Amino acid sequence: MVSCCCKIPIFVFVFLLLLVISSSICAAHSSEAGNSQANNQTFRPEEELKKLKLSPDGDIIDCVLLRHQPAFDHPKLKGKKPLDPPERPSGHNRKGMAAEDFQMWMMSGESCPEGTIPIRRTTEEDMLRASSVASFGKKPTRLVRRDSSSDGHEHAVGYVSGDEYYGAKANINVWAPRVSNQYEFSLSQLWVISGSFGDDLNTIEAGWQVSPELYGDYYPRFFTYWTSDAYQATGCYNLLCSGFVQTNNRIAIGAAISPTSSYGGGQFDISLLVWKDPKHGNWWLEFGSGILVGYWPSILFTHLRDRASMVQFGGEIVNSSPGGSHTSTEMGSGHFAGEGFGKASYFRNLQVVDWDNNLIPLPNLKVLADHPNCYDIQGGINTVWGNYFYYGGPGRNVNCP
């Protein structure tokens with residue numbers, strides 16, 4: 001269940017205290033409660049303490065007024081207001097996609113009032129798991145070339161490059177892969193990329209990840225990321241820094257996803273679309289059946305202010321080489337691509353957005369696995385799934401010692 005008060009770190013406490021003084025934090029309400037009463041209620045700490053409960057994944061979700069979200073702490077966004085929804089790309093079919101209630105915190109009927117957004121509360125334990133305060137909520141500084149993984153990051157990806165791209169779309173199969181230790185992760189995502197693979201790299205990223213260091217558990221979680229300097233000083237996961245502007249009151253970025261797929265059983269995927277608004281130039285994120293999550297303002301970027309030069313889809317893990325051997329952290333379902341549907345994880349309906357705001361099939365999808373004995377990938381195309389691929393693997397095995 002969502003709530004608005006508990007023991008929190010000092011810097012978060014100061015932030016929340018300012019919100020309380022200005023009556024800006026609203027307690028989330030149960031669907032069984034009267035909507036009119038919930039929408040007009042005043043924040044009363046003594047009452048909220050009585051209602052303090054956790055969602056099934058252990059999260060606490062705060063409902064924060066749109067104008068008080070972290071994005072507007074950015075120097076270039078101070079005093080701004082969230083923008084109205086943009087024009088969707090042509091050719092976008094919004095039928096038959098997942099509903100909004102794909103996150104654990106909403107299972108009990110919780111929601112945030114209109115005019116607020118749900119934010120997963122950062123706890124003291126979250127901060128202590130990070131290697132440093134400065135690194136909390138950030139990917140390690142690294143290059144992201146797919147022909148090298150000397151930094152421990154390994155990939156199985158499909159990609160297109162050599163043209164101008166204004167967005168990307170995919171259905172991503174959701175699993176709960178095993179992650180061997182706190183310092184590793186497993187994720188499946190799309191990347192919208194521009195700049196060189198040096199200090200000026202710009203990326204926009206979205207998908208699902210299992211990251212015990214960031215979240216303290218092994219649930220797959222919906223995430224976003226951005227950087228404008230190759231993961232050095234700018235950008236972060238989710239809403240852990242100023243940047244991404246959330247506009248949706250029902251999706252909590254960083255919250256756990258449910259259901260997930262099972263080996264030989266039911267399959268579940270999420271549809272994600274990222275595209276550049278032709279009018280204002282911002283990069284919007286849509287989930288499922290037309291649900292706008294929010295946007296990355298174009299002023300956050302250098303190269304991505306104009307366009308992307310590469311789009312990638314696929315999986316990534318961190319291999320910390322425990323005991324001198326390859327990690328057994330799984331990618332995707334933990335099974336190789338050759339096992340196919342219901343056993344191997346997949347991406348389907350891969351598309352990009354062209355200069356005229358049209359969703360089009362990938363012109364020349366290439367696939368690459370930098371450690372194919374540990375994690376592999378197989379691409380294809382058909383009339384039902386369009387461009388697709390299966391990918392993943394178990395990590396350490398007889399051919400991947």
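Observations, loosely collected:
- One residue stands out among those in the range 26-84 that are of a type in the set (G, A, S) and within 28 Å of G216 (Cβ to Cβ): the one that is modelled with the highest pLDDT, which is A71.
- Note on the range 323-364: among residues that are polar (S, T, N, Q) and either closer than 29 Å to D151 by Cβ or in contact with a His (Cβ under 6 Å, 6 or more places away or on another chain) (or both), the one that is most open to solvent (accessible area, probe 1.4 Å) is N364.
- Of the criteria (1) in contact with a helix residue (DSSP H, G or I) (Cβ under 9 Å, 6 or more places away or on another chain); (2) among the β-branched types (V, I, T); (3) assigned to a strand (DSSP E or B), which one T234 fails: (3)
- Criterion: within 12 Å of the chain's Cα centre (by Cα), modelled with pLDDT under 95, of a type outside the set (G, A, S) and buried (at least 22 other Cβ atoms within 10 Å of the Cβ) - qualifying residue of I204, I251: I251
- Complete set of residues in the range 59-74 that are touching a Cys at 6+ places or on another chain (Cβ under 7 Å) and farther than 18 Å from E110 by Cβ: P70
- Considering residues of the range 204-226 that are in a strand (DSSP E or B) and touching a helix residue (DSSP H, G or I) at 6+ places or on another chain (Cβ under 9 Å) only, the residue nearest to G315 (Cα to Cα): Q209
- When each of D163, D199 is tested for being within 25 Å of D306 (Cβ to Cβ), surrounded by fewer than 23 Cβ atoms within 10 Å (Cβ to Cβ) and at pLDDT 95 or above, the lone residue that passes is D163.
The values are calculated or read from the model by the stated rules, or taken from the named source; none is laboratory data. All of these numbers come straight from a predicted model, not from anything done at the bench. All Cβ positions, even for glycine, are placed from backbone atoms using ideal geometry, and neighbour counts span all protein chains on display. Note: accessible area is taken over every heavy atom of the protein model, side chains too, but ligands, DNA and RNA are not part of it. Shrake-Rupley method; radii C 1.70, N 1.55, O 1.52, S 1.80 Å.
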